[in-house]
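Worksheet: one structure, shown below.
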Amino acid sequence: MTLVHDGADTRTQARNTYVAQYVDRFVSTSATSSAQYDSVAIAGNGIGAQVFAAQLSKYPQFAGKVTIVAPPVVETRRLINGVSLRGSAADFIGSALGISHEQLLAHIAVPGADAAAYRQTANMVVREGDRFRFTRKGTWQGGGCGASEPVIYGVRNSRLVAGLREILEASSITYVDEKVQSADHLRSFAEGSKPLLVNATTIPGLLSGTSRKPERMVLAVQAPLIAAPSGPLAPADSATALAPLLRREGTIDVGYFTPFSDPLSPRANWYGIFARVIDADSGFDKERELKILTEELFGVAESMGMTVDDPDETLGRALVPASPWTKVSASKPGTLDLKRMYSGGAPCFYADGMISSCVGGVVGAEAVVRGVDPDTAIRRSLRPWRRHNFLWWVETNKIASVADFLMRVNVQMAMAYPHSAGARMWRSAA
């Protein structure tokens with residue numbers, strides 16, 4: 001069964017063309033090798049895993065030969081993983097699944113809700129006791145009135161994962177609701193004699209892969225927010241994502257607020273997060289840091305006329321390891337450590353987790369089909385995102401006082417590179 005819908009509109013065609021051209025830059029179209037595998041078994045059912053599976057299932061040699069093995073996602077109102085689906089990420093999802101942005105949103109957002117931002121602004125935040133004061137904001141993507149292409153959608157991660165499965169259950173992909181324990185266990189679900197075993201879980205050693213102790217950690221607090229029907233207060237604005245940055249103790253805490261939609265929290269129309277990158281060996285006080293980030297999230301939201309929607313049920317607090325920006329060890333023969341290949345840098349920090357998994361999923365699948373090394377293809381294709389993530393870390397952690405000064409003087413100048421220059425890495429192609 002095909003997932004491709006007839007009569008795709010012009011914007012969907014333009015998005016699909018962009019994705020195909022991007023893939024061809026990193027996966028040779030003149031490869032002389034054919035696929036080395038007759039089937040694929042995937043441990044994990046996250047965004048990257050399902051996009052990878054969908055892209056593979058387009059090809060006749062893998063029809064009915066792709067199996068996803070993982071416990072089904074449990075949906076709750078609590079925001080556990082990322083929420084920021086870049087417009088470009090939706091392009092890659094749409095291309096892999098053969099659907100439009102509108103068809104995707106029909107599965108993951110409240111009907112009629114506007115979860116999209118078409119412009120991005122930023123400013124500094126000054127904390128004065130329990131009060132939060134904003135410096136002058138500036139636009140760093142989308143222009144003064146916003147672009148026509150969506151820059152980002154605010155959607156709950158677990159709803160997106162579940163929504164992808166709802167769509168893909170009509171395909172030839174097989175889902176097995178079991179937790180993978182080992183490579184042999186995963187191999188037992190393969191539909192062929194020469195399977196590729198794929199690790200798309202958060203357990204790097206599941207298929208005897210290797211990993212190293214993280215040098216940095218990311219602390220993050222996030223929640224769905226409710227703004228008045230008349231809209232939020234300045235500096236927030238409708239259909240606009242805002243990055244309020246707060247410098248404390250030599251480092252900038254990165255905030256991000258964007259329109260949002262979640263069927264389990266239908267009152268919420270905004271989303272907010274504050275995140276901070278720290279050295280893993282710095283002896284930090286986890287609870288103290290999370291408490292401060294929570295105060296910043298609540299305080300900044302309140303200053304913009306927003307309230308947290310049922311925090312006891314929705315508030316997410318996390319401490320997660322950052323991946324290396326540099327090289328990672330190769331996947332073992334006959335396996336692909338998909339998640340490790342597409343992860344790069346500090347998560348929860350630059351709204352690039354979903355886009356990395358989508359690009360990695362599509363590029364990795366195409367590499368498998370064309371018989372080239374998926375490790376290399378994925379890492380090369382995501383080099384720009386790793387570089388931007390690294391530069392954002394440098395700005396907020398190594399030259400925080402300089403970044404603070406420039407943001408107060410001229411936001412457009414401070415955010416010119418890589419942020420404004422990297423607009424194509426955020427917004428949809430059409």
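None of the figures in this text is laboratory data; all of them are computed from the coordinates on show. Just so we're clear, the structure is a prediction, and the values are computed from it rather than from any experiment. Heads up, the Cβs are rebuilt from the backbone with ideal geometry, glycines too, and the neighbour counts pull from every protein chain shown.
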Treating only the Cβ of Lys, Arg, Asp and Glu as charged (+1, +1, -1, -1), what charge dipole size does the chain show about its Cα centre? Round to the nearest 20 debye.
1100
Pull up all non-local amide H partners of ALA35: gap of 5 or more, or a different chain, and H-to-H distance under 5 Å with H placed in the peptide plane.
GLY371
With springs connecting C-alpha atoms under 10 Å apart, model the chain as a Gaussian network and identify which of GLY272, GLY87, GLY144 has the largest mean-square fluctuation.
GLY144
Farthest toward the dipole's positive end in the chain, which of LEU245, SER182, GLN50, given Cβ charges of +1 (Lys, Arg) and -1 (Asp, Glu) about the Cα centre?
LEU245
So for the pair GLN21, ALA280, with labels modelled 7 Å out along Cα→Cβ, what separation do we get in nm?
4.0
Identify which of ASN123, ASN410, ASN157 has the largest mean-square fluctuation in a Gaussian network model of the chain, with springs joining Cα atoms closer than 10 Å.
ASN410
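Would you calculate, for the chain, the mean residue ellipticity at 222 nm contributed by helices, counting each DSSP H stretch of 4 or more residues as -39,500 (n - 2.57) and dividing by all residues, to the nearest 500?
On the way: 14 runs with 142 residues, N = 430.
Helix-only estimate at 222 nm: -9500 deg cm²/dmol.
Full extension from THR251 to THR202: what is 0.36 nm times the residue separation minus their Cα-Cα distance, to one decimal in nm?
Working it through step by step, the gained length comes to 14.9 nm.
Grab the beta carbon distance between THR10 and VAL394, set R0 = 41 Å, and tell me the FRET efficiency rounded to 0.05.
Details: r = 40 Å, r/R0 = 0.97.
Plugging the Cβ-Cβ distance into 1/(1 + (r/R0)^6) gives 0.55.
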Each residue of the range 64-76 in order: what ³J(HN,Hα) in whole Hz does its phi give by Karplus 6.51 cos²θ - 1.76 cosθ + 1.60, θ = phi - 60°, with x for Gly and Pro?
x, 10, 10, 10, 10, 10, 5, x, x, 5, 9, 8, 9
Can you give me the P(r) profile for the range 300-430? Cα pairs, bins 5 angstrom wide beginning at 0, each as a whole percent.
2, 9, 15, 16, 16, 15, 13, 7, 4, 2, 1
According to a simple spin-label model (label point 7 Å from Cα along Cα-to-Cβ), what is the distance in nm between THR76 and ARG133?
4.0
With θ set to phi - 60°, apply the Karplus curve 6.51 cos²θ - 1.76 cosθ + 1.60 along the range 125-136 and write out the HN-Hα couplings as whole Hz, x wherever there is a Gly or Pro.
10, 10, 8, 10, x, 9, 9, 10, 10, 9, 7, 5
Students often forget the sequence filter, so: which aspartates and glutamates lie under 16 Å Cα-Cα from LYS398 once same-chain residues fewer than 8 apart are removed?
GLU215, GLU249, ASP253, ASP279
Taking placed amide H atoms and a strict 5 Å upper bound, the residues 5 or more places from MET124 or on another chain that come that close are THR135, LEU245
Under the 0.36 nm per residue contour assumption, what length would be gained going from the current alpha-carbon distance of ALA330 and SER30 to full extension?
105.6 nm
Which residue, THR376, PRO195, PRO71, has the largest displacement toward the positive end of the dipole of the chain when charges sit on each Cβ (Lys, Arg +1; Asp, Glu -1)?
THR376
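Can you tell me how the range 170-234 classifies by the Cα gyration tensor, rounded, prolate or oblate, using a/c under 1.5 as the rounded cut? Please list the in-between numbers first.
On the way: a/c = 4.32, a/b = 1.77, b/c = 2.44.
Oblate, since a/c reaches 1.5 and b/c is not below a/b.
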Which residue, chosen from TRP325, SER282, GLY299, occupies the Cα position most advanced towards the positive end of the dipole of the range 277-328, where the dipole is computed from +1 (Lys, Arg) and -1 (Asp, Glu) charges on Cβ about the Cα centre?
TRP325
When the dipole is taken about the Cα centre of the range 292-430, and only Lys, Arg (+1) and Asp, Glu (-1) are charged at their Cβ, what size is it in debye, to the nearest 20?
1060
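What number results when the radius of gyration of the range 148-301, computed over Cα atoms, is divided by 2.2 N^0.38 Å? Walk me through the numbers before you get to the answer.
Details: Rg = 20.6 Å, N = 154, 2.2 N^0.38 = 14.9 Å.
Scaled against compact globular proteins, the figure is 1.38.
Rounded, prolate or oblate for the range 183-273? Axes are the square roots of the Cα gyration tensor eigenvalues, ordered a ≥ b ≥ c, and the cut-off for rounded is a/c under 1.5. Could you put the intermediate results ahead of the total?
Working: a/c = 4.39, a/b = 1.86, b/c = 2.36.
In terms of gyration-tensor shape, oblate.
Per the Cauchy relation, a quarter of the hull surface: what is the mean projected area of the convex hull of the alpha carbons in the range 1-129, in nm²? Show your work: numbers first, answer last.
Values: hull surface 50.7 nm².
Its average projected convex-hull area is 12.7 nm².
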From the C-alpha gyration tensor of the chain, pull out the three semi-axes of the equivalent ellipsoid (sqrt of 5λ each), sorted largest to smallest, in whole Å.
35, 23, 20
Please work out whether the range 254-335 counts as rounded, prolate or oblate from its C-alpha gyration tensor, where a ≥ b ≥ c are the square roots of the eigenvalues and a/c under 1.5 means rounded, while otherwise a/b larger than b/c means prolate and anything else oblate?
oblate
